Structures are given as structure tokens and as C-alpha cells.
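The values are calculated or read from the model by the stated rules, or taken from the named source; none is laboratory data. Fair warning: this is a prediction, and the values are worked out from it, not measured in the lab. Heads up, the Cβs are rebuilt from the backbone with ideal geometry, glycines too, and the neighbour counts pull from every protein chain shown.
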Amino acid sequence: MRNPFFTSLSDFAKGRDDKRFSIEEVTRYFLSRTESLNASLNVCLSTNPNAINRARQLDARLARNGAQSPFYGYPVMVKDNFEMEGFPTTCASKILSGYVSRRTATSVARLLSLGAIVLGKTNLDEFAMGSSTENSAFGPTKNPWNPARVPGGSSGGSAAAVAAGLAPLSLGSDTGGSIRQPAAFCGVLGIKPTYGRISRSGLVAFSSSLDQIGPFALQASDALEALVAMGGRDPLDMTTDDRDPSEMRRDFQTTEIPGLRIGIPAEMFGEGLDSSIRDRLGELRDSLAGSGSREVAVTLPHSRFGINVYYLLATSEASSNLSRFDGVRYGFRVKEPADLRAMYEETRDRGFGDEVKRRILLGTFALSAGYQEAFYRKARKVQALIRGDFLKAFEQCDMILTPTSPSPPFAFGEKTGDPLSMYLSDVYTITANLAGLPALSVPVGLDSQGLPVGAHLIGPPWSEGRLLKVADKISSLYPMPLPEVHAGHPAGFREGGLK
Amino acid sequence: MNLSRSDVLHVARLSALALSEAEVARMTSELSAILNYVEGLATVDISGVAEAGETLAPTPLAPDIPAPSLPTEGALAGAPDRSGAFFQVPRILEEGR
């Protein structure tokens with residue numbers, strides 16, 4: 001259900017400045033909607049007790065000074081692997097129980113400095129490891145379109161929050177598809193920018209060379225403004241680039257659909273793709289051609305090794321990054337361990353869930369003596385080939401179109417017994433992370449079962465503005481409905497009581 | 001490749017994870033299945049290919065400028081166990097040694 005106040009960020013700013021509503025009214029609306037729906041959807045792990053106070057202060061200051069940014073008073077939700085000073089950060093893991101952050105992630109701090117209001121922190125697969133949000137220590141998030149289906153993952157809570165109208169904007173992190181796949185499953189827009197566009201400082205690290213932060217939104221222009229607000233150099237993350245993030249706004253304005261060359265890799269429309277998704281994308285390809293863009297056949301011959309490479313590199317980095325969770329300085333610690341070694345080993349065994357342990361073990365193995373050459377180093381070389389395929393393809397086209405996910409949102413428990421089949425749900429998204437490229441998922445309507453379908457656009461480095469312009473066009477061709485979620489009826493989609 | 005029970009125990013020790021018997025059995029089969037899949041990489045010809053850099057461009061180093069860091073009380077605020085200004089952990093050395 002759309003909120004009764006505004007349709008986009010710029011519409012919010014106008015309504016706010018014209019006094020059509022107060023920031024407090026808007027904040028109360030989203031918080032009360034969250035309160036009534038969270039029991040059935042399990043989207044939020046915590047809400048911000050200071051949100052209303054902050055809204056009042058912003059209203060008071062607005063009366064005196066006026067607003068300097070569209071984000072002034074704008075409500076957002078943040079995945080619970082972003083640090084916010086004074087707030088719990090759980091990463092949906094038992095091992096961080098009781099942990100309170102001592103700093104704020106740069107991305108969140110930049111939105112806060114413009115006046116945004118964080119409403120709450122959203123559910124995820126533990127440490128962002130998963131594709132369904134079923135790996136959360138706090139139970140899974142339900143897909144607002146059908147509560148028997150997963151919302152995707154790992155940023156399932158943030159995607160569901162925007163789809164269910166609990167917030168107009170949310171933040172997620174994407175290491176192998178963790179923004180784009182849940183965006184597709186929940187019928188919202190999600191973008192993972194170029195590696196280095198947004199500071200990762202304060203994002204709890206999973207795989208540092210692949211992790212990127214990005215927004216979920218209903219409008220391409222809202223996602224664009226969020227990227228511009230969060231992007232740019234940060235001395236706390238030396239992998240951030242010097243480029244001026246406002247270049248994305250310029251590219252968004254100047255990109256034209258007529259003449260645009262859209263690359264179609266046959267590899268990603270073949271075997272393993274659900275026919276209903278192939279049909280939706282076929283219609284989209286026709287519509288884009290009707291709008292004047294041109295299809296170009298491209299080939300990404302090494303992309304079929306993306307999953308192989310990812311599950312060696314990402315797990316290797318994770319095994320190192322997660323070694324800091326040892327029960328010494330914060331979070332969970334087992335009671336009365338026999339000795340120091342037992343304290344580490346038992347704390348980690350009981351604090352981490354299955355998928356996290358599986359990945360730590362796999363990564364440790366890939367880096368261990370005798371296997372590093374055959375696994376980790378080989379994977380790094382194939383990563384170079386995957387990157388090379390993309391650079392070659394972008395000599396012929398402006399961006400590449402693929403499905404976001406090979407299947408529609410699956411049922412709870414469908415893939416939890418078989419880790420490998422869960423991994424394969426990231427087959428189309430994972431290579432953009434391995435190549436450091438920007439990519440987004442935009443809804444293209446519903447499949448035959450009434451479940452959302454996403455189209456995936458991958459662009460050359462720093463092409464976020466162009467990708468979002470095409471996503472904006474796609475949204476105008478396929479106006480996306482929102483699900484009706486009714487409080488207290490976890491299994492139903494009747495008209496909600498809030499209007 | 002298939003991992004043996006002792007391979008898994010070795011990797012679990014390197015990972016500082018005390019796996020239960022049931023976990024060792026499950027991880028042995030699950031990790032073997034995953035490794036058998038990722039080993040598909042063996043079919044890729046990588047002769048003459050250099051490893052990918054971690055990022056698109058080389059990462060510059062941060063200037064080395066001293067700055068205040070987390071104060072002691074802040075650092076200890078979440079400690080499961082502390083003793084004065086220190087984190088407390090189980091004894092490592094026996095008394096008198």
C-alpha cells in the first residue's frame with residue numbers, strides 16, 4: 001500500500017515545505033504501520049525510540065530555517081549490519097547479543113547529517129550470508145506478497161520494509177546479490193553501486209573486496225538521490241573513489257533510451273531459468289526495443305563459474321573477517337569455559353548459526369596450506385577472466401540485461417536443506433560483485449502466480465546514473481502495484497486498515 | 001574432492017570452532033558437496049592469466065596521522081568480563097610458571 005503523504009522523495013520535500021504534513025505525522029505513520037505489521041512480517045529487529053523526538057526537533061527547526069535537503073525528515077530503515085552509535089547491531093547473530101555500537105556507519109551518518117530519520121534496523125541472513133533471510137537468529141522475514149514465500153536475502157528485511165510500506169527507503173548491503181535478489185523477490189528497486197562508490201566504514205565486514213552498500217526504493221530517482229547523498233570519498237574507507245557522486249545525477253538527466261545498446265548474454269537466458277520469468281523479460285525486451293533501444297548479443301563465457309569463484313573468495317575473506325568474533329571484547333561468551341581455547345571455540349560454535357560456520361570452514365579450507373593454490377589463487381585468476389568478459393562486452397553495449405533471479409520467490413524451507421541449491425539462486429547477480437560493477441534490479445510486474453519478477457541491469461564502472469535512468473523507463477512501462485498487507489492476518493493480503 | 005572427518009576437524013580447529021559430533025558429520029558431507037561443485041574451476045584454462053586485483057584501481061594508503069581512538073571505558077562497555085581497565089579471559093598460564 002502506498003503511503004497517504006507522498007509518492008517520491010521530491011514529492012515528500014514539496015509536501016513538507018508546503019506544510020501539507022509535518023515530519024512528525026509522517027514518522028508516526030510509518031512507525032505505527034511497522035508496529036502493527038511487524039508481528040506478521042518480522043521485518044524489523046529494532047525500532048528507534050528517538051525517532052519521534054527527532055521528528056519534532058526537525059519540525060521545530062524547519063519552522064525557523066527551512067530545509068536544506070530533500071532528505072530532511074525523510075524516514076529510512078537500515079539493515080542490521082550497519083553500525084549506529086548507541087544502537088544495537090546484531091547482524092541477526094546470537095554472537096552479537098547485547099552489543100551496542102560505538103560509531104555510526106559513514107553511509108548512515110551522511111543521510112543523518114542531511115536530516116533523515118532512521119526508523120529501525122531490519123532483519124537479514126546472519127552476517128549477510130544467505131539468499132532468503134531464513135538464516136536469521138531472529139526468525140525469517142515474510143515476503144509481503146505472499147507470507148509463505150521468502151523475501152530473498154540477505155537484505156530481506158530492507159526489501160520487505162519498502163514493499164510493505166514500512167519505510168519509503170531502506171539500506172542494504174550486497175556481496176553476491178543481497179540487495180538485488182530480495183528487491184526482485186519483493187517487487188521493489190534495489191541497486192548495488194560500483195565498488196568504491198559508497199564507503200563501507202561501519203558496515204560489518206563479510207567479504208571486504210565484494211561488499212557494497214545500496215538503497216531500496218520505489219522510484220529510480222529516490223535511489224539516485226540516496227546514492228548521491230551517501231557516495232564519495234571517505235578517509236575511513238580507502239577503497240572509496242574520489243569521483244564526485246553528483247555525476248550520477250548528470251548521467252541520469254542526459255541518458256536517452258533511443259539508440260541505447262542493451263547487451264543480451266545468451267548464457268543468462270538459457271537452461272535453469274524459470275519460463276514465467278523468461279516470458280516477462282521477453283516482453284520487456286520488446287518494449288525497450290519499441291522505445292528505441294537496440295539489442296546487442298554479447299557473451300560472458302566465464303560467468304558460469306561465478307558461483308564457484310564466489311564461494312571460494314567470499315568465504316576466504318569471511319573466515320578472516322569473522323575471526324574477530326571471539327567472545328573477548330563484546331557480544332556473547334559461553335559461561336565458565338575450561339580454558340581460553342575452549343572459550344573461543346565454544347563461543348563461536350554456539351554464537352554462529354549453521355551457514356556462517358559452513359562458510360568459515362570453507363574459507364579456512366580454501367586458504368589452508370596445500371590447498372591455497374588450487375582453490376583461492378585459482379579463483380582469483382578466474383575472477384580476472386570474468387571481469388575481462390564484461391569489459392569486452394561493454395565495448396559493444398552500454399549495459400547488460402539479465403534476469404535477477406532464476407526462479408520466483410521460493411517457499412520457506414525449500415532450499416535450506418541443500419546449501420548448494422541456495423547458492424545457485426545468486427547465479428545472475430554474483431558476477432557483478434566479482435567484477436566490481438554497478439547493477440540493479442527493477443520490477444517488471446508479476447508472474448503467473450502473482451509473484452514479483454525483477455529485471456537485472458549491469459553497467460560499466462560508474463554508470464549508476466545511466467542504469468537508473470533505464471530503470472526509471474522500465475518502471476514507467478511496468479507500473480508496479482504494491483501488496484496489501486493486513487495486520488494480524490499473516491496469511492492474507494486483504495486491504496489494510498490504515499489509509 | 002571429498003573431505004574426511006579428520007580434514008573437517010583440522011579445519012574446525014584452524015577456524016576456532018568446537019563442532020559437535022553431529023555437526024562434524026553434516027559439515028563433512030555438505031562441504032564435500034560444495035567443494036565438488038567449486039572444483040568445476042579445474043576445467044578453466046588459466047595459463048598466462050594474472051590474479052584479479054582486489055579492486056578496480058589500486059587502493060591508496062591512508063596518511064599516517066595520529067588521532068584519538070576509542071576511550072578505555074567505551075572499549076570496555078560491551079565486555080563480557082572485565083577486570084579494571086582490561087578485558088578478562090580465562091587464565092592462560094598456570095600459577096607459578
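Among the residues of the stretch A:141-196, those that are of a type in the set (Lys, Arg) and surrounded by 24 or more Cβ atoms within 10 Å (Cβ to Cβ) comprise A:Lys142, A:Arg180, A:Lys192.
Against the condition under 21 Å from the mean Cα position of the chain (by Cα), of a type in the set (Ser, Thr, Tyr) and surrounded by 16 or more Cβ atoms within 10 Å (Cβ to Cβ), how does B:Ser15 come out, does it pass? Here the answer is yes, as B:Ser15 does meet what is asked. Among residues of the stretch A:269-292 being of a type in the set (Gly, Ala, Ser), exposed (fewer than 13 other Cβ atoms within 10 Å of the Cβ) and assigned to a helix (DSSP H, G or I), the one that is farthest from the chain's Cα centre (by Cα) is A:Gly290. Between A:Pro245, A:Pro235, the distinction of being out of contact with any helix residue (DSSP H, G or I) (no Cβ under 9 Å at 6 or more places or on another chain) and within 14 Å of A:Arg110 (Cα to Cα) belongs to A:Pro235 only. Residues being within 7 Å of another protein chain (Cβ to nearest Cβ), in contact with an Asp or Glu (Cβ under 9 Å, 6 or more places away or on another chain), more than 15 Å from B:Glu30 (Cβ to Cβ) and at pLDDT 95 or above are represented in the stretch A:348-360 by at least one member. Restricting attention to the stretch A:6-22, the residues being over 25 Å from the mean Cα position of the chain (by Cα) and closer than 20 Å to A:Leu218 by Cα number 3.
Restricting A:Gly363, A:Gly306 to those that are crowded, with 24+ Cβ neighbours inside 10 Å and either among the charged types (D, E, K, R) or within 10 Å of chain B (Cβ to nearest Cβ) (or both) reduces the list to A:Gly363.
Within the stretch A:205-237, the residues that satisfy the criterion of being part of a loop (DSSP other than H, G, I, E, B) and either under 13 Å from A:Tyr195 (Cβ atoms) or of a type outside the set (A, V, I, L, M) (or both) are A:Phe206, A:Ser207, A:Ser208, A:Ser209, A:Leu210, A:Asp211, A:Gln219, A:Gly232, A:Arg233, A:Pro235.
Within the stretch B:27-81, being closer than 30 Å to A:Thr194 by Cα, touching an Asp or Glu at 6+ places or on another chain (Cβ under 9 Å), more than 7 Å from chain A (Cβ to nearest Cβ) and buried (at least 16 other Cβ atoms within 10 Å of the Cβ) holds for no residue. Checked against (1) in contact with a Ser or Thr (Cβ under 7 Å, 6 or more places away or on another chain); (2) touching a residue at least 60 places away in the same chain (Cβ under 8 Å); (3) farther than 30 Å from A:Glu25 by Cα, A:Gly139 meets all criteria but (1). Would you check which residues across the stretch B:5-26 are at the interface with chain A (Cβ under 8 Å from one of its Cβ atoms) and either at positive phi or of a type in the set (A, V, I, L, M) (or both) and list them? Result: B:Val8, B:Val11, B:Ala12, B:Leu14, B:Ala16, B:Leu17, B:Ala18, B:Leu19.
Among the residues of the stretch A:136-163, those that are within 9 Å of A:Cys186 (Cβ to Cβ), under 15 Å from the mean Cα position of the chain (by Cα) and part of a loop (DSSP other than H, G, I, E, B) comprise A:Pro151, A:Gly152. Output the number of the condition that A:Gln219 fails; it satisfies all remaining conditions of (1) under 24 Å from A:Val26 (Cβ atoms); (2) crowded, with 24+ Cβ neighbours inside 10 Å. If we test A:Gln219 against (1) under 24 Å from A:Val26 (Cβ atoms); (2) crowded, with 24+ Cβ neighbours inside 10 Å, just (2) comes out false.
Counting only helices (runs of 4 or more DSSP H) that sit completely within the stretch A:14-119, those holding 3 or more residues that are of a type outside the set (A, V, I, L, M, F, W, C) and surrounded by fewer than 19 Cβ atoms within 10 Å (Cβ to Cβ) correspond to A:23-41, A:51-65. When the criteria are applied in full, A:Met343 meets the requirement of being at the interface with chain B (Cβ under 8 Å from one of its Cβ atoms) and crowded, with 18+ Cβ neighbours inside 10 Å.
Across the stretch A:427-469, the number of residues qualifying as of a type in the set (A, V, I, L, M) and either within 14 Å of another protein chain (Cβ to nearest Cβ) or within 17 Å of A:Pro215 (Cβ to Cβ) (or both) comes to 12.
Here B:Asn2 clears all of (1) assigned to a loop (DSSP other than H, G, I, E, B); (2) under 27 Å from A:Gly353 (Cβ atoms); (3) at the interface with another protein chain (Cβ under 7 Å from one of its Cβ atoms) except the condition numbered (3). One residue alone among A:Pro403, A:Pro337 is more than 28 Å from the chain's Cα centre (by Cα) and not acidic (Asp, Glu), and that residue is A:Pro337. Restricting attention to the stretch A:470-488, the residues that are touching a helix residue (DSSP H, G or I) at 6+ places or on another chain (Cβ under 9 Å) and assigned to a helix (DSSP H, G or I) add up to 7. The single condition among (1) surrounded by fewer than 18 Cβ atoms within 10 Å (Cβ to Cβ); (2) within 8 Å of chain B (Cβ to nearest Cβ) that A:Val328 does not meet is (1). For the stretch A:383-399, a residue qualifies if it is surrounded by 24 or more Cβ atoms within 10 Å (Cβ to Cβ) and within 7 Å of chain B (Cβ to nearest Cβ), and exactly one does: A:Gln383. Against the conditions (1) part of a loop (DSSP other than H, G, I, E, B); (2) crowded, with 24+ Cβ neighbours inside 10 Å; (3) touching a residue at least 60 places away in the same chain (Cβ under 8 Å), A:Thr133 satisfies every one except (3). Of the conditions (1) within 7 Å of chain A (Cβ to nearest Cβ); (2) within 29 Å of A:Arg358 (Cβ to Cβ), B:Ile92 satisfies every one except a single condition; which number is it? Failing condition for B:Ile92: (2).
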